[in-house]
Amino acid sequence: MKAAEEKRMPREHKGSLNGTGRSFAIVASRYSKVITEQLVGGAIECLTQHGCSAEAIEVFWVPGSFELPLVARRVAQSGRFDAVLALGCVIRGQTTHHEYIAKEVAQGLSRIAWETGRPAVFGVITAETMEQAIERAGIKTAGRGWEAALTALEMADLLSQLDASAGGGQRV
């Protein structure tokens, strides 16, 4: 046998970008709405282009980014969605307020994923200026909403594969 044939390769597990039959929740901040509307639009476009039906996407609007984790947790706990996307925008101001908001949102979403076993995707733009936020929202490129949707698609599929293999008695 050749050395390459003797060497055993590890099994890889990857999520696909197929939204067919899946449902997604988008929790979006109304604060900096000009930015978040762009994020929501990008996320919806990405999800539908990857096979998710528009009827399987629900958008929940909250006052600001700080409120994203609370509603995202309720939505994830409902069990109705394969993943939750949290979309918002935190822009540096004259104080350190933005640091507290961004940190709490990130930690909150991480806890939601751990507690519920559902992907809780951090799609919050943290920017130094409004111009930077506009650019990251997707004026010239796909944008953070699109990227968050890709993450949600991939993670939902990967977790589904893990659940299927665990249910079949296979070791993952």
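The values are calculated or read from the model by the stated rules, or taken from the named source; none is laboratory data. Quick caveat: nothing in here was measured; it's all calculated off a predicted structure. Because the Cβ atoms are built from the backbone with ideal geometry, glycine has one as well, and the counts that use them run over all protein chains shown. Side chains are part of the model used for accessible areas, which takes the heavy atoms of the whole protein and leaves out ligands, DNA and RNA. Shrake-Rupley method; radii C 1.70, N 1.55, O 1.52, S 1.80 Å.
Miscellaneous remarks
- Restricting the stretch 9-20 to residues that are in contact (Cβ under 8 Å) with a residue 24 or more places away in the chain and open to solvent by 60 Å² or more (accessible area, probe 1.4 Å), the residue that is nearest to the chain's Cα centre (by Cα): 17
- Number of the condition not met by residue 93 [criteria: (1) modelled with pLDDT under 90; (2) within 25 Å of residue 164 (Cα to Cα)]: (2)
- All helices (runs of 4 or more DSSP H) inside the stretch 7-125 with 1 or more residues being of a type in the set (Ser, Thr, Tyr): 33-49, 97-116
- Hits in the stretch 30-66 - residues which are under 18 Å from residue 157 (Cα atoms) and open to solvent by less than 50 Å² (accessible area, probe 1.4 Å): 43, 46, 47, 50, 51, 52, 56, 57
To keep it simple, each residue is scored yes or no on (1) of a type in the set (A, V, I, L, M, F, W, C); (2) modelled with pLDDT of 95 or more; (3) open to solvent by 60 Å² or more (accessible area, probe 1.4 Å).
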| position | (1), (2), (3) |
| --- | --- |
| 80 | no, yes, yes |
| 83 | yes, yes, no |
| 97 | no, no, yes |
| 101 | yes, no, no |
| 106 | yes, no, no |
| 120 | yes, yes, no |
| 130 | yes, no, yes |
